[in-house]
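Student: A single structure is presented below for examination.
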Amino acid sequence: MDSFKVSGPTKLSGTIEVEGSKNSALPIMAASLLYNGKVVLNNIPRLKDINSMISLLESMGALTQFENNSLSIDNSGLNSFRADYNLVRKMRASFIVLGGLLARKGRAEVSLPGGCAIGQRPVDIHIKSFEALGIQTNIKEGYVYAQTSDINSNEEQRVELEFPSVGATENLMIFAAGRNQTTIINNAAKEPEIVDLANFLEKLGAKVSGAGTAFISIKGFDASKESPSETVFNHDVIFDRIVAGTYAIAGIITESHITVKNVNHDHLKAFYNVLEQIGVNFILKDNEIEILPNNILSSLNPVNLTTLPFPGFPTDLQAQIMILLTQIKGKSKIFETIFENRFMHVPEYTRLGAVIEATSQSASIAGPAKLKAAPVMCTDLRASAGLVLGAMVAEGETMINRVYHLDRGYEEMEKKLKKAGLKIERVKE
Ligand code: UD1
């Protein structure tokens, strides 16, 4: 497995461009299953997780072509309703092919997922919600077997999620879009990626209202009867708000003047709110965040923050903000409410010299800590980004092992950071 060698401390400069959103691209790719023809998706990041979803779709008969961030998927030859363990285990998001397969084929056999080891991450909400919509499900030998009972009855269907799970909302939306009836999802997730998915489903022919609120209504089309079509649907996925936040923190933690480009500010309000509380100097331009050169870490303030579903502070930026807080004078506190085991980076940060006390749901960070280079290990995707940020301020050469996690979710991170002035090398295994 590859490693990164990072020399710190360092200053960055220039503009860092954010890529398309992985978490938007994956469900939209899964939603292509509804369409008996070709879709072209643009702004798709070149990442391992995207390749995993491509392999999964291909294993079920899709034809794909991926060039220059543009991905075409032709599902007219879809010949399977089984998502195999060997492919699904690589990435939890694979489970969202369930909705598309069910709508298109009337049945699905999808392996229970793997993915980052952040908490148990069950799929019970997905399954209970499909059952509430009249789907028969059965879990056997690591697979979920699901079958529609009366395909496309015209009655309105309603389902209420016990928690606004992002993946469950997406799975249900895709299913609902492929059924010739109206489905109402209550207590839905409100993340920007949900809105992007809704926009794509509308292009395919569904009528979606309320995406981005807790109450989504979808009038679908009958994906099981759809005849092959010559029309090619095009969609540009949104930019990645988590990558944008990560690079903004890179500028702040290194007291640098940088611009982060391709940012939708509406997606990052809770993050900006925390930066304001800390006292960071930054300017928001059209689609850019400019981190101003006058941010002196010793003059910033500690903060208490809680991760929450959107529009709250994203759990996917928790590890990155935590490493910044290690550099700020005073005691900060982070409450993690989305995942029950998302502080696995704390022991690795401690190896760099951070002073953090963590329980399973909260962490107290005492700053400023003088960070020093040490060999560290990536534990999950966002924690890996946190280690790269830590290595930028740690004195000496930090060896970050197992960066395959980063390759799952950040497009060419080392090239972008190198261009901005970081001394970073990929060490091939
Ligand atoms: C998505 C994102 C991930 C992000 C997360 C929360 C993708 C590909 N991934 O993951 O980066 O960290 O949203 O913003 O978009 N849960 C259950 N049962 C279920 C489903 C979820 O208990 O059936 C729990 C999970 O274990 C977790 C919480 O609900 O504790 C949130 O999960 P969910 O919103 O579903 O996240 P994902 O869709 O997996």
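Read the figures in this text as sums done on the coordinates, not as results from a lab. Keep in mind it's a predicted model, so treat the numbers as computed, not measured. For neighbour counting, all protein chains shown are included, and Cβ atoms are generated from backbone atoms with ideal geometry for every residue, glycine included.
Student: Need a quick list: helices (runs of 4 or more DSSP H) entirely within the range 260-372 having at least 3 residues that are in contact with a helix residue (DSSP H, G or I) (Cβ under 7 Å, 6 or more places away or on another chain).
Tutor: In the range 260-372, the matching helices (runs of 4 or more DSSP H) lie at 318-325.
Student: Taking the range 63-73 as the region of interest, how many residues are closer than 27 Å to Tyr145 by Cβ and of a type outside the set (A, V, I, L, M, F, W, C)?
Tutor: Counting residues in the range 63-73 that are closer than 27 Å to Tyr145 by Cβ and of a type outside the set (A, V, I, L, M, F, W, C) gives 1.
Student: Next question. Just to be sure, is Leu41 under 23 Å from Ile194 (Cβ atoms), out of contact with any Gly (no Cβ under 8 Å at 6 or more places or on another chain) and not basic (Lys, Arg)?
Tutor: yes
Student: Among the residues that make up the range 10-21, is at least one of them under 23 Å from Leu98 (Cβ atoms) and either surrounded by fewer than 22 Cβ atoms within 10 Å (Cβ to Cβ) or within 16 Å of the ligand (Cβ to nearest atom) (or both)?
Tutor: Scanning the range 10-21 turns up at least one residue that is under 23 Å from Leu98 (Cβ atoms) and either surrounded by fewer than 22 Cβ atoms within 10 Å (Cβ to Cβ) or within 16 Å of the ligand (Cβ to nearest atom) (or both).
Student: Further question: Which residue out of Lys225, Lys203, Lys190, Lys261 is more than 23 Å from the chain's Cα centre (by Cα) and of a type in the set (D, E, K, R)?
Tutor: Lys225
Student: Examine the range 135-150 for a residue that is part of a strand (DSSP E or B), out of contact with any strand residue (DSSP E or B) (no Cβ under 7 Å at 6 or more places or on another chain) and away from the ligand (no atom under 13 Å from the Cβ), and state whether such a residue exists.
Tutor: Among the residues of the range 135-150, at least one is part of a strand (DSSP E or B), out of contact with any strand residue (DSSP E or B) (no Cβ under 7 Å at 6 or more places or on another chain) and away from the ligand (no atom under 13 Å from the Cβ), which makes the answer yes.
Student: Here is a check on your reading of the model: is Arg382 under 19 Å from the mean Cα position of the chain (by Cα), assigned to a helix (DSSP H, G or I) and of a type in the set (Lys, Arg)?
Tutor: Spelling it out, Arg382 is indeed under 19 Å from the mean Cα position of the chain (by Cα), assigned to a helix (DSSP H, G or I) and of a type in the set (Lys, Arg).
Student: I'm checking my understanding of the structure. Among residues of the range 242-278 that are farther than 13 Å from Lys11 by Cα and of a type in the set (S, T, N, Q), which one is surrounded by the most Cβ atoms within 10 Å (Cβ to Cβ)?
Tutor: Step by step, filter the range 242-278, then rank; the result is Thr246.
Student: Filtering the range 337-351 down to residues that are surrounded by 23 or more Cβ atoms within 10 Å (Cβ to Cβ) and farther than 20 Å from Val243 by Cβ, which residue is nearest to the ligand (Cβ to nearest atom)?
Tutor: Residue satisfying both the conditions and the ranking: Phe343.
Student: Suppose we keep only residues that are touching a helix residue (DSSP H, G or I) at 6+ places or on another chain (Cβ under 7 Å) and assigned to a strand (DSSP E or B) within the range 385-416. Which one would you say is farthest from Ser21 (Cα to Cα)?
Tutor: Thr398
Student: What number of residues within the range 42-53 satisfy the criterion of being touching a helix residue (DSSP H, G or I) at 6+ places or on another chain (Cβ under 9 Å) and within 15 Å of the ligand (Cβ to nearest atom)?
Tutor: The qualifying residues number 8.
Student: Out of the residues in the range 164-214 that are assigned to a loop (DSSP other than H, G, I, E, B) and in contact (Cβ under 8 Å) with a residue 60 or more places away in the chain, which is farthest from Lys22 (Cα to Cα)?
Tutor: Arg179
Student: Let me ask something else. State which residue pairs qualify: first residue near the ligand (Cβ under 9 Å from one of its atoms) and inside the range 308-320, second residue of a type in the set (Phe, Trp, Tyr) in any location, beta carbons under 8 Å apart, and separation of 6 or more residues or different chains.
Tutor: Listed by first residue and then by second, the contacts come to Pro314/Phe271; Thr315/Phe339.
Student: Six or more apart or on different chains, Cβ atoms under 9 Å: show the pairs whose first residue is in the range 417-429 and farther than 20 Å from Glu19 by Cβ and whose second is part of a strand (DSSP E or B) and of a type in the set (Asp, Glu).
Tutor: Lys423/Glu397
Student: Yes or no: Gly245 within 16 Å of the ligand (Cβ to nearest atom) and under 30 Å from Val393 (Cβ atoms)?
Tutor: Yes.
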